[in-house]
Amino acid sequence: MIVHIEECSISPNIYNYLRKEVGWEEHEIFDIELALRNTLYIVIAKNEKNEIIGMARIIGDEGLCYYIQDVIVIPKYQNNGIGKLLMIKIMEYIKIHKKKAVFVGLMAAKGKEDFYKKYGFIERPNENLGPGMCKNY
């Protein structure tokens with residue numbers, strides 16, 4: 001399988017398509033446009049037909065905190081190393097742009113924790129840290 005990883009933005013329709021393919025909630029176009037404009041970095045994966053089959057992005061304040069968001073590979077292309085290629089680019093970006101000490105967070109989809117452990121992420125709660133928390137409105 002030939003896969004190309006590129007640094008570029010995507011359209012709100014492609015964003016919703018990728019989310020829908022992995023069973024995630026779709027969002028309003030206006031909200032996606034705003035989110036993508038405020039994204040620090042986006043990488044996409046394309047197949048041999050030049051179709052977008054995955055993405056990952058980073059949001060944050062560029063000083064103290066980075067957050068990895070929307071690491072997506074559509075199901076029929078999963079388990080082929082595409083997620084790994086996306087994460088390598090994401091982690092390279094953070095390494096190049098980070099200050100001395102930064103927090104890098106993410107919310108792993110259920111069952112995907114081991115994937116992120118390969119990149120040094122730890123599960124919470126643990127001996128030193130409480131549970132991660134979130135709230136959807």
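A short reminder: the numbers here are calculations on the coordinates, not readings from a lab. Treat the numbers as computed from the prediction; the structure is a model and nothing was measured. Cβ sites come from the backbone with ideal geometry, for glycine too, and all protein chains shown count toward neighbours.
Brief remarks follow.
- Tally, over the range 69-96, of residues that are surrounded by fewer than 19 Cβ atoms within 10 Å (Cβ to Cβ), under 13 Å from residue 53 (Cβ atoms) and touching a strand residue (DSSP E or B) at 6+ places or on another chain (Cβ under 6 Å): 2
- Selection status of residue 105, out of contact with any helix residue (DSSP H, G or I) (no Cβ under 6 Å at 6 or more places or on another chain), under 24 Å from residue 11 (Cα atoms) and of a type in the set (Gly, Ala, Ser): no
- Test result for residue 115, surrounded by 12 or more Cβ atoms within 10 Å (Cβ to Cβ) and either of a type in the set (Phe, Trp, Tyr) or out of contact with any Ser or Thr (no Cβ under 8 Å at 6 or more places or on another chain) (or both): yes
- The residue that is farthest from residue 88 (Cα to Cα), counting only those in the range 119-137 that are surrounded by 10 or more Cβ atoms within 10 Å (Cβ to Cβ) and charged (D, E, K, R), is 124.
- Scan of the range 68-99 for residues that are of a type outside the set (Val, Ile, Thr) and in a loop (DSSP other than H, G, I, E, B), ordered by number: 78, 79, 80, 81, 98, 99
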